[in-house]
Amino acid sequence: MSGASAVGAPAEHLVRAVNVTKSFGSNEVLKGIDLTVDPGEVVCLLGPSGSGKTTFLRLINQMETLTGGRIWVGGELVGIEERGGRLHMRTDADIARQRSRIGMVFQRFNLFPHMTAIENVMEAPVQVKRLPKATVRQEAERLLDLVGLADRAGFYPSQLSGGQQQRVAIARALAMKPELMLFDEPTSALDPELVGEVLGVMRRLAEEGTTMIVVTHEMSFARGVADRVVFMDQGVVVEEGPPDAVLLHPREERTRTFLQRVK
Ligand code: ADP
């Protein structure tokens, strides 16, 4: 636990996972994951389907509860807290506060269908943060511009392509000014010709210093944008390191097999 007390985490890590396990019934899908992510880092999680990548993201964002181990985000333990020398479950309000520090983008775009693009982006800051509408609208316009959709603010999701919807979903997640962005296969539901525009937005966010954990099968994105790639298989981290090291010179047989299949 280098330099950390039992419940503290060194300030330099934005995310720290220690010996994380997760079971669904008798199915242990995460078998002791250790992972850190530093501020400004882009970490790509790679691995075969079913290796536990999505589950790991969902644990960070408290859409699932840990079976064992600990996760800290921004120095705070996720889901539990220490009071009077003992660990307590966090309240729902406190969990909501923790979750509001994290933005998540899913495979499916999950936009509110009855709201326009800009209303989707404004929803959480207005409803959750109770910020004045005029301020929120200004920021939402800036974010839609950032994702290249300034001219689509008044469109409904059904009037947008999949790539455009996903870019609105990214703007919506950014609207809460998260410290961390989680992407779960954000391009895998898109037609191939729409993948590039979404990856382009993510690349730009990375260049601006956004801390990101990205589950993806897009090897060129991982190679070009990630600071570190983490290869998972069957609930464990098999190997991790700089993209060129892991993707071009994998040490482990399981990584090699996977990379040959996705090429
Ligand atoms: P990946 O993202 O690497 O494809 P997942 O995290 O989605 O892997 O899934 C890992 C394993 O956990 C799979 O075997 C999946 O069936 C199982 N799993 C995921 N979520 C649930 C759930 N809510 N209930 C039961 N099993 C689940």
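The values are calculated or read from the model by the stated rules, or taken from the named source; none is laboratory data. Nothing here was measured: the structure is a model prediction, and the numbers come from that model. All Cβ positions, even for glycine, are placed from backbone atoms using ideal geometry, and neighbour counts span all protein chains on display. Protein only, heavy atoms only, side chains kept; ligands, DNA and RNA dropped before computing areas. Shrake-Rupley method; radii C 1.70, N 1.55, O 1.52, S 1.80 Å.
Given the condition surrounded by 15 or more Cβ atoms within 10 Å (Cβ to Cβ), under 27 Å from VAL262 (Cβ atoms) and either within 16 Å of the ligand (Cβ to nearest atom) or touching a residue at least 24 places away in the same chain (Cβ under 8 Å) (or both), answer yes or no: does some residue in the stretch 170-178 qualify?
Looking for residues that are surrounded by 15 or more Cβ atoms within 10 Å (Cβ to Cβ), under 27 Å from VAL262 (Cβ atoms) and either within 16 Å of the ligand (Cβ to nearest atom) or touching a residue at least 24 places away in the same chain (Cβ under 8 Å) (or both), one finds at least one in the stretch 170-178, hence yes.
Based on what the data block shows, is GLY196 in a helix (DSSP H, G or I), surrounded by fewer than 21 Cβ atoms within 10 Å (Cβ to Cβ) and among the small types (Gly, Ala, Ser)? Step through it out loud before you land on a result.
Numbers: in a helix (DSSP H, G or I): yes; surrounded by fewer than 21 Cβ atoms within 10 Å (Cβ to Cβ): yes; among the small types (Gly, Ala, Ser): yes.
Spelling it out, GLY196 is indeed in a helix (DSSP H, G or I), surrounded by fewer than 21 Cβ atoms within 10 Å (Cβ to Cβ) and among the small types (Gly, Ala, Ser).
Suppose we keep only residues that are touching a residue at least 24 places away in the same chain (Cβ under 8 Å) and either open to solvent by 40 Å² or more (accessible area, probe 1.4 Å) or more than 22 Å from GLN98 (Cα to Cα) (or both) within the stretch 14-25. Which one would you say is nearest to the ligand (Cβ to nearest atom)?
SER23
Applying the selection to the stretch 234-249, what residues are of a type outside the set (Val, Ile, Thr), touching an Asp or Glu at 6+ places or on another chain (Cβ under 9 Å) and surrounded by 20 or more Cβ atoms within 10 Å (Cβ to Cβ)?
Scanning the stretch 234-249 gives GLY235, PRO243.
Pick from THR67, THR116: which is more than 22 Å from the chain's Cα centre (by Cα) and of a type in the set (Ser, Thr, Tyr)? Give the steps one after another, and end with the answer.
Values: THR67 fails: more than 22 Å from the chain's Cα centre (by Cα).
Checking each option against the conditions leaves just THR116.
With the structure loaded, tell me whether MET89 is within 14 Å of the ligand (Cβ to nearest atom) and either surrounded by fewer than 18 Cβ atoms within 10 Å (Cβ to Cβ) or not aliphatic (A, V, I, L, M) (or both) or whether it fails that test.
On the way: within 14 Å of the ligand (Cβ to nearest atom): no; either surrounded by fewer than 18 Cβ atoms within 10 Å (Cβ to Cβ) or not aliphatic (A, V, I, L, M) (or both): yes.
No: the conditions fail for MET89.
Cβ-Cβ below 6 Å, separation at least six or inter-chain, first residue in the stretch 199-227 and under 15 Å from VAL43 (Cβ atoms) and open to solvent by less than 10 Å² (accessible area, probe 1.4 Å), second among the aromatic types (Phe, Trp, Tyr) and within 16 Å of the ligand (Cβ to nearest atom): which pairs?
Hits for this filter: VAL214/PHE183.
Within the stretch 26-41, track down each residue that is in a loop (DSSP other than H, G, I, E, B) and buried (at least 18 other Cβ atoms within 10 Å of the Cβ).
Applying the first criterion (in a loop (DSSP other than H, G, I, E, B)) to the stretch 26-41 yields 26, 38-41.
GLU41, the sole residue that qualifies.
So if I check each of GLN164, GLN260, which one is surrounded by fewer than 14 Cβ atoms within 10 Å (Cβ to Cβ), outside any loop (DSSP other than H, G, I, E, B) and among the polar types (S, T, N, Q)? Give the steps one after another, and end with the answer.
Numbers: GLN164 fails: surrounded by fewer than 14 Cβ atoms within 10 Å (Cβ to Cβ).
The unique qualifying residue is GLN260.
Could you grab me the full set of residues in the stretch 51-63 that are within 8 Å of the ligand (Cβ to nearest atom) and open to solvent by 50 Å² or more (accessible area, probe 1.4 Å)?
Within the stretch 51-63, THR54, ARG58 meet the criteria.
Would you confirm whether or not the stretch 230-238 contains a residue that is farther than 22 Å from PRO39 by Cα, in contact with a Lys or Arg (Cβ under 9 Å, 6 or more places away or on another chain), in contact (Cβ under 8 Å) with a residue 40 or more places away in the chain and assigned to a helix (DSSP H, G or I)?
Scanning the stretch 230-238, I find no residue that is farther than 22 Å from PRO39 by Cα, in contact with a Lys or Arg (Cβ under 9 Å, 6 or more places away or on another chain), in contact (Cβ under 8 Å) with a residue 40 or more places away in the chain and assigned to a helix (DSSP H, G or I), so the answer is no.
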